[in-house]
Amino acid sequence: MDTKSLCLGALSIGAASGYEIKKMFEEGAFSHFYDAGYGSIYPALNKLLADGLVTCVEMEQEGRPAKKVYSLTDDGMAALKDSLRQAPAPDSLVMMFFAHLIDPGQRETVLESYIDYYRAGIEYIENAPCDDHPFGHKFVTGLGEALYRAAIDYLEENKADLLGAEKPEQESNKPKHGVLSSNSLVGGVS
């Protein structure tokens with residue numbers, strides 16, 4: 001998923017300034033998915049603004065330049081949902097983060113693609129002999145396999161949470177399994 005789509009995703013959570021979006025990439029939930037700085041966020045926001053996918057309001061601040069606050073438009077939400085219908089990047093969890101915006105059939109496709117990705121990783125590791133590699137390489141290979149197996153176990157054990165019936169909004173905002181709430185997205189993990 002590109003920076004523009006991730007900015008749309010950030011704004012689907014609520015209106016934000018470029019600085020607040022940058023903090024999501026540095027310290028908030030997006031820090032797990034993507035590394036983006038001002039050099040990519042502001043051009044993305046300017047393009048989204050030019051395309052009518054976001055709006056911008058300048059808010060006066062005492063003794064400081066006006067703060068530009070961006071908001072998602074209906075067309076922006078539609079564009080975000082379109083980007084979520086694309087095949088997921090195998091090493092990114094962004095689509096699962098925004099699963100509530102994806103229709104149930106697509107959610108299942110996304111989930112299965114992640115499981116397939118991790119299974120392929122395990123198969124690659126198992127078929128790549130490393131007997132003659134240094135101990136550090138063997139250690140990291142073992143760790144990689146353990147992480148892939150743990151990911152598969154988690155995805156399969158919690159599949160119903162992602163694919164099941166929609167929960168009331170109050171329930172879906174409660175952190176589960178150490179998941180970030182929308183209140184903790186800016187300024188670090190909860």
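Please report, in whole Å, how far the alpha carbons of the range 103-172 spread along each principal axis, starting with the longest.
Taking max minus min along each principal axis of the Cα atoms, the range 103-172 gives 54, 22, 13 Å.
Over 29 Å between Cα atoms, which of Lys22/Lys81; Lys138/Lys159; Lys47/Lys81; Lys47/Lys67; Lys4/Lys67 qualify? Let's see the in-between values first.
Values: Lys22/Lys81 22 Å; Lys138/Lys159 31 Å; Lys47/Lys81 18 Å; Lys47/Lys67 18 Å; Lys4/Lys67 20 Å.
Beyond 29 Å between Cα atoms: Lys138/Lys159.
Beyond 13 Å, what percent of the Cα pairs of the range 51-110 remain? Write out the running numbers ahead of the final one.
Numbers: 1200 of 1770 pairs.
For the range 51-110, the share of Cα pairs beyond 13 Å comes to 68 percent.
Bear in mind that the values in this text are calculations on the coordinates, not laboratory data. Bear in mind the structure is a predicted one, so any value in this text is a computation, not a measurement.
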